[in-house]
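**Student:** I have a structure here, written as structure tokens, and I will follow up with some questions on it.
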Amino acid sequence: STAVSQARGDEPKRVWTVLELLRWTQGYFERQGIDSARLDAECLLAHALGLERLRLYVDFDQPVEPAERARFRALVKRRSVDRVPVSHLLGSREFWSMPLRVTPDVLTPRPETETLVTAALDRFPNANASFTVLDLGTGSGAVALAVARERPESVLTATDSSQKALSIAQENAEALGM
């Protein structure tokens, strides 16, 4: 009987699928007051599984193994309890269609910062001309690297009072071949 099986502990453990984990985590993050609950859940689960976010929806009915759930659970805890930004948990953030390494030593590039890049590019409309650009407080190098990508003939100087930030910016520039 079912009651006897449950008493003996014979009932199989719950199998969590990708979609079930996303739904549960989104609700949990919403209850914790995290504004981007669904996006955060997707990014963290994709990271824990070693997948691109799109694969979560292609493989939505796939079971998630206990070791993968444990990695995911640790990320969810750090995001919800410790309020660690997703970019720091993942170690990167996309900005201007460029993957940038981020750490607690730099601010996370925000989507609205792309408005600053657009304004800078509007000031230098000729993509083939050489401009001199100074980026003060470069952090991860997001703004300088975006401008350098769009205005390759320009001379850019990126500075920061933090040596650790400059190291991150340099790593990003090298990773992007700039």
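The values are calculated or read from the model by the stated rules, or taken from the named source; none is laboratory data. Note that this is a predicted model, so its numbers are computed, not measured. When the accessible area is computed, the model is the full protein with side chains, heavy atoms only, and any ligands, DNA or RNA have been set aside. Shrake-Rupley method; radii C 1.70, N 1.55, O 1.52, S 1.80 Å.
**Student:** Most fluctuating residue of T17, T138, T103 in a GNM of the chain with Cα springs under 10 Å: which is it?
**Tutor:** Among T17, T138, T103, the largest mean-square fluctuation in the Gaussian network model of the chain belongs to T17.
**Student:** For helix 163-175, report the angle its Cα long axis makes with the longest principal axis of the Cα atoms of the chain; keep it between 0 and 90° and round to the nearest 10°.
**Tutor:** Orientation of helix 163-175: about 90 degrees from the principal axis.
**Student:** Suppose all protein chains stay in the model; what accessible area per residue would a 1.4 Å probe give for the chain, in Å²?
**Tutor:** Per-residue value: 61 Å².
**Student:** So, with a 1.4 angstrom probe, what is the percent of accessible area on the stretch 71-178 that is carbon and sulfur?
**Tutor:** Numbers: 3250 of 6250 Å².
C and S atoms contribute 52 percent here.
**Student:** Quick check: the angle from helix 113-123's long axis to the longest principal axis of the chain, C-alpha only, nearest 10 degrees?
**Tutor:** Relative to the chain, helix 113-123 is tipped by roughly 20 degrees.
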